[in-house]
Amino acid sequence: MLADLDLLVELAQRKLVAVAISVTSLDPKLSGMLEPRAASPAKRLAALGKLVEAGVPAHVSVAPIIPAITDEFMERIMEDAATRGVRSASWIMLRLPHEVAPLFREWLDVHFPDRADKVMNIVRSIRGGKDNEARFFERMKPHGVWADLFRARFHKARKRYGIDNAKLELDCTQFRPPAPGGQMRLL
């Protein structure tokens, strides 16, 4: 992942890049069940630390937060990221669009049958009674008591660990939109 660290450093110095890495849990077994063949939580956090050390703006995304399964790791993920110098964080509540919902329910039944109903009840409570909210400005904004609880926990942890979410100043003058109907050039 960091094989191109020199390139990232150069781009960061020119204010052209920042890197965000998601961390779902701190339990490698759980992470392996959720994201097989993906980097472990420890490796993701180490990568964030290496990016910070190299001067590349790094962001941790605590995502997705799965109620009653991964939410217990939210604060510890942010603490670990903060100790590595990460100063930007966000969270994303689990979304279950289209074909993902039945696959996720099946995954829950296999791995967490004791919590499956609780998880889905919380998901539906934050998504207006549905598995997913597809409307553009609503899909990333969970609502209700559970969403407020997760949001409050996140903001308290961010403050506790000094993650200030300072605005990244990126130079967007070199951005060129793709031609209508065309593909962007690689170089």
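Figures for the structure shown
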quantity	calculated
Taking the convex hull of Cα positions in segment 1-99, its mean projected area over all directions (nm²)	6.9 nm²
Top positive-direction residue, dipole computed over the chain with Cβ charges, set A166, W91, I65	A166
Candidate aspartates and glutamates - alpha carbon under 17 Å from K159, same-chain residues fewer than 8 apart omitted	E75, E79, D80, D148
Nearest 10 degrees, 0 to 90: helix 145-160 Cα axis against the chain principal axis	40 degrees
Listed residues L51, L168, L26, most fluctuating in the chain (Gaussian network, C-alpha, under 10 Å)	L168
Helix-derived mean residue ellipticity, 222 nm - over the chain, DSSP H n ≥ 4, -39500 (n - 2.57), to 500	-12500 deg cm²/dmol
Greater than 25 Å apart at Cα, pairs in K29/K130; K15/K50; K43/K118; K118/K141; K43/K130; K50/K167	K29/K130; K43/K118; K43/K130
W91 long-range amide H proximity, modeled H, under 5 Å	V62
For segment 1-152, with +1 on Lys and Arg beta carbons and -1 on Asp and Glu, the positive-most of F104, A147, S25 along the dipole	A147
For A20, residues with placed amide H under 5 Å, excluding near neighbours	H59
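The numbers here are math on the coordinates, done by the rules we state, and not lab data. Given the structure is predicted, the values throughout are model-derived calculations rather than measurements. Because the Cβ atoms are built from the backbone with ideal geometry, glycine has one as well, and the counts that use them run over all protein chains shown.
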